[in-house]
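*Asks:* First the structure, which I've put down as C-alpha cells, then a few questions once you've had a look.
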Amino acid sequence: MEILKVQNLCKTYGRGEAQVRALKDVSFSMQKGEFAAVIGESGSGKSTLLNCIGGLDLPTAGSVWLDGEELFAMPEKRRTVFRRRNIGFVFQSFHLIEELNVEQNIVFPLLLDHKKPDRERVEDILEVLGLKERRRHLPGQLSGGQQQRVAIGRALITRPALVLADEPTGNLDSKNSRDVMDLLLQASRKYQQTVLMITHNANLSASADRVFRVADGVLHELGREG
C-alpha cells in the first residue's frame, strides 16, 4: 500500500544570481511499513526535502501525496491539522515541554486534538521505549537518549501515516544513536509504521529497507534491501 508519493518536487530560494535550487525534480514513493534513510552532506538539500514532505515548508513546484491526500492542494489551516494528525516528527532537538512529564509529553498531540489517549497504546509505547519506570519524570531529569525516546513516543502516539526523523541521533553519543535507530526500526516493524529518516551518518542507514542520497538537490536511490 503506497503511503507517500513525491512527484517532481522543486525548491528554489532567492532570485537572479543569488538563486539556489535546493531541490531539483525529486520523485519517489514509499509503501506502508517501509523504513527509508536519506543521507547527504550538510547543505545537500536533505533537510529541505524533509521539511517539504512534512508540510513545514512550501515547495516551489511539485506535489506530495500522503495516504491519498495531496498535501499542498489543501488550504493552510486544513494542512496544519492534517499534518498534526498524520505526520509524526522526530527532530535532532527533542522539543519536549519542560513542565510536562514523560507520559504527558507523549500524549500531548492527542490532547491538542481533544482526543482521549488509548491507555493500552500508551502502555505499549512506554514498554517498547523502556520508559515505564520514567513515566513521571520531567525532561530535565532524563538523559539525552531518554529524551529522544520520549520524542519518538510522541511521534508514534497518533498512529501517523508517516514518521519523519530529522537527524534524530545528532545530539547523541554512539551507543544512544544506535539505540534510537533500533527503536525507530522496531516501531517500523511492530506498528507497520512508515519511517523516513535523514542522517549524515551513513553507518546508521545500513539497517534501512531503502537508502537515498541527496547531492546538490538531486535524489538518487542507492539500494533496496533484498
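The values are calculated or read from the model by the stated rules, or taken from the named source; none is laboratory data. Worth saying up front: this structure is predicted, and the values here are computed from it rather than measured. Virtual Cβ from ideal backbone geometry, glycine too; neighbours counted across all protein chains shown. These accessible areas exclude ligands, DNA and RNA; they are computed on the full protein's heavy atoms, side chains included. Shrake-Rupley method; radii C 1.70, N 1.55, O 1.52, S 1.80 Å.
*Asks:* With the requirement that a residue be of a type in the set (S, T, N, Q), buried (at least 20 other Cβ atoms within 10 Å of the Cβ) and modelled with pLDDT under 90, what does segment 136-181 give you?
*Replies:* Hits for segment 136-181 are T169, S177.
*Asks:* Quick test for you: out of D57, D25, pick the one residue that is at positive phi and in contact (Cβ under 8 Å) with a residue 24 or more places away in the chain. Before you say what the answer is, go through the steps one by one.
*Replies:* Details: D57 fails: at positive phi.
Going through D57, D25 in turn, the sole match is D25.
*Asks:* Being touching a residue at least 12 places away in the same chain (Cβ under 8 Å) and farther than 16 Å from S29 by Cβ is the filter here; which residues of segment 60-79 pass it? Give the steps one after another, and end with the answer.
*Replies:* So the first thing to find is which residues in segment 60-79 are touching a residue at least 12 places away in the same chain (Cβ under 8 Å), and the list is 60-67, 69, 71-72, 79.
The answer is T60, A61, F72, R79.
*Asks:* To continue, here is another question. When both residues are 6+ apart or on different chains and their Cβ atoms are under 7 Å apart, which pairs have a first residue that lies in segment 35-53 and is under 17 Å from G88 (Cβ atoms), and a second that is open to solvent by less than 10 Å² (accessible area, probe 1.4 Å) and in a loop (DSSP other than H, G, I, E, B)?
*Replies:* Listed pairs, sorted by first residue: F35/A208; A36/A208; A37/A208.
*Asks:* Right, here's the next one. Report, by residue number, each residue of segment 1-16 that is assigned to a strand (DSSP E or B) and either open to solvent by less than 20 Å² (accessible area, probe 1.4 Å) or not basic (K, R) (or both).
*Replies:* E2, I3, L4, V6, Q7, N8, L9, C10, T12, Y13
*Asks:* A further question follows. Within segment 95-115, restricting attention to residues that are under 15 Å from R85 (Cβ atoms), out of contact with any Lys or Arg (no Cβ under 9 Å at 6 or more places or on another chain) and of a type outside the set (A, V, I, L, M, F, W, C), which residue is surrounded by the fewest Cβ atoms within 10 Å (Cβ to Cβ)? Spell out the reasoning first.
*Replies:* Here is the first cut: in segment 95-115, the ones under 15 Å from R85 (Cβ atoms) are 107-115.
With out of contact with any Lys or Arg (no Cβ under 9 Å at 6 or more places or on another chain) added as a condition, the list becomes 111, 114-115.
If we keep only those that are of a type outside the set (A, V, I, L, M, F, W, C) as well, we get 114-115.
On the way: H114: 6, K115: 13.
Checking each candidate, the answer is H114.
*Asks:* Another one. Pull up segment 3-50, narrow it to residues that are among the hydrophobic types (A, V, I, L, M, F, W, C) and over 19 Å from the mean Cα position of the chain (by Cα), then point me to the one that is modelled with the lowest pLDDT. Quick ask: steps written out before the conclusion?
*Replies:* Let us first name the residues in segment 3-50 that are among the hydrophobic types (A, V, I, L, M, F, W, C), namely 3-4, 6, 9-10, 18, 20, 22-23, 26, 28, 30, 35-39, 49-50.
Next, from what is left, pick out any that are over 19 Å from the mean Cα position of the chain (by Cα): 10, 18, 20, 22.
On the way: C10: 97, A18: 85, V20: 90, A22: 93.
The qualifying residue modelled with the lowest pLDDT is A18.
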